[in-house]
Each structure stands twice: as C-alpha cells, then as structure tokens.
Amino acid sequence: MQKKVYNENPLEVAKQFEASGIIRLHLVDLDGARAGRIINWKVLENIAAKTTLAIDFGGGIKTEKDIEIIFDSGAVIATIGSIAIKQAELFYQWLQKYGGEKILLGADVKDEKMVIHGWTEQTETDIFDFLQENINQGLKQAFCTDVSKDGLLQGPSLGLYKKIIEKFPDLYFIASGGVSSLNDLVQLKEIGCKGVIVGKAIYEGKIKIKDLQI
C-alpha cells in the first residue's frame, strides 16, 4: 500500500490545529501499530509539551507499561483497539484500573463485524455485542471506524452510527471514517454523535478548519 505524507512535522500540524481552536487531538502511532509496540512516544511528548491540546493516543499499546508510557508522555486518554478483542480480560482490567474516562475503545468494523490487526483480519464478533460487553465492564467512550468507508471521502456510515447511538444512548460515541464535508459533520451531530474524527478531509482541503466554527 502506498503511503501519503501530508506533513513531515507532526508538531507543526498540531500547532496549526491548536491555533484554529481545536482542543482535542487524536494521535495514532502507525509505526507502533505495525510493530506491536509504542514507537513514536517522543512525538506525543513533544506535542503535549508544546501545545495545550488534549491528546488521545493509540497504536502499539499492548501492555500496562505502554499505557503508563503514554500517560507519562502527556496523553490524557489511551486508545485501545485489537487488545480489547484478543485479550478481553486484560482490557477489562485496564478499564477498572484507569476508569472509563481514561480509556477510549477504537472499534474497526465491516458489515457490523469487528475487524482487527490493521483491518487485515475480520472476526465474527458483532459490534453491538462487543460494545455491550465492554459497557458492562465500565466502558464510557468509543469510536467506530467503518473500514469500508475510511479514507474514501464518500461519506460516513450514518445508518450504523445511528443504530449504535440508539442502542447505547449513554455511551460517548465518536464517529470515524468517510467524512468528506461540513454537511457530513452536521448530519453526524444530528444523529447524536458526541464527536467526529476528521483527518484526510482536512489534509485534502475538503474541510477548512476555519469553517468548523469551534
């Protein structure tokens, strides 16, 4: 897969977001996700030290030590993905130790089934059952990425997200994937999303930060 680099300096991008009124940054260690261990914690540390952004950080978090590293490096929330499926009991322990406010569950989905390991492995785990099990263990916030939509700029999975929000009204739910316009953001807000992860649409100029009226 060909990668596209939009900016070689993550701190510069973070400062641009901060200057525009953004207060929350979703930061993913793609190298760490591939390697199965945190690699870019220094980037996190640098952004946390030089901006006021509230950062949730994910990618490569496999152990409790990893969580401690990212919190010590300035993240306010740890984003957890595959571990929550592959080692559910461990994830439950983290929820109980750190609390639902400090853990953000990242759920990658295709056809309402969970997908793991960088979208390479589809499971038979139903997204609704998965969320219910974790809510029972203290989960308070989650984002869901429809992998069939992500990066295509063809619009988000409104139907899926609406079903999740209706079924779990107390969950702080964040949409991810497919966002390509301000209208998408309006629609996501209307169905009850508490937040939206926007990346490519900003980098490709489809959405101007100044138009977000933050």
* Is there a residue being over 26 Å from Leu131 (Cβ atoms) and modelled with pLDDT of 95 or more anywhere in region 75-97? -> no
* Structure fact -> With the first residue restricted to region 26-52 and required to be modelled with pLDDT under 95, and the second required to be loosely packed, with under 13 Cβ neighbours inside 10 Å, Cβ contacts under 8 Å at 6 or more apart or on different chains are none
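Could you go through region 46-57 and let me know if any residue there is surrounded by 13 or more Cβ atoms within 10 Å (Cβ to Cβ) and closer than 18 Å to Asn134 by Cβ. Steps first, please.
Just the residues of region 46-57 that are surrounded by 13 or more Cβ atoms within 10 Å (Cβ to Cβ), to begin with: 46-48, 50-51, 53-57.
If we keep only those that are closer than 18 Å to Asn134 by Cβ too, we end up with 56.
Yes, the conditions are met somewhere in region 46-57.
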* How many residues are touching a Lys or Arg at 6+ places or on another chain (Cβ under 8 Å) and either among the aromatic types (Phe, Trp, Tyr) or free of Cβ contacts under 8 Å to residues at least 24 places away in the same chain (or both) when one looks only at region 120-147? -> 4
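Looking for something among the acidic types (Asp, Glu), at pLDDT 95 or above and at negative phi - is there at least one such residue anywhere in region 116-124? Show your work before the answer.
Taking region 116-124 and keeping what is among the acidic types (Asp, Glu), we get 121, 124.
Now restrict to residues that are at pLDDT 95 or above: none.
Looking through region 116-124, none of the residues is among the acidic types (Asp, Glu), at pLDDT 95 or above and at negative phi.
So, restricting to helices (runs of 4 or more DSSP H) that lie completely within region 103-214, which ones have at least 2 residues that are out of contact with any Pro (no Cβ under 9 Å at 6 or more places or on another chain) and of a type in the set (Phe, Trp, Tyr)? If you could, list the steps in order and put the result at the bottom.
Working: elements: 127-136, 158-167, 182-190, 200-203.
It comes to 127-136.
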* Structure fact -> With criteria (1) out of contact with any strand residue (DSSP E or B) (no Cβ under 7 Å at 6 or more places or on another chain); (2) within 25 Å of Gly205 (Cα to Cα); (3) not aliphatic (A, V, I, L, M), Phe17 comes up short on (1)
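The values are calculated or read from the model by the stated rules, or taken from the named source; none is laboratory data. Predicted model, so just to flag it, every value in this text is computed and none were measured. Every residue, glycine as well, gets a Cβ built from its backbone with ideal geometry; the counts of neighbours run over all protein chains shown.
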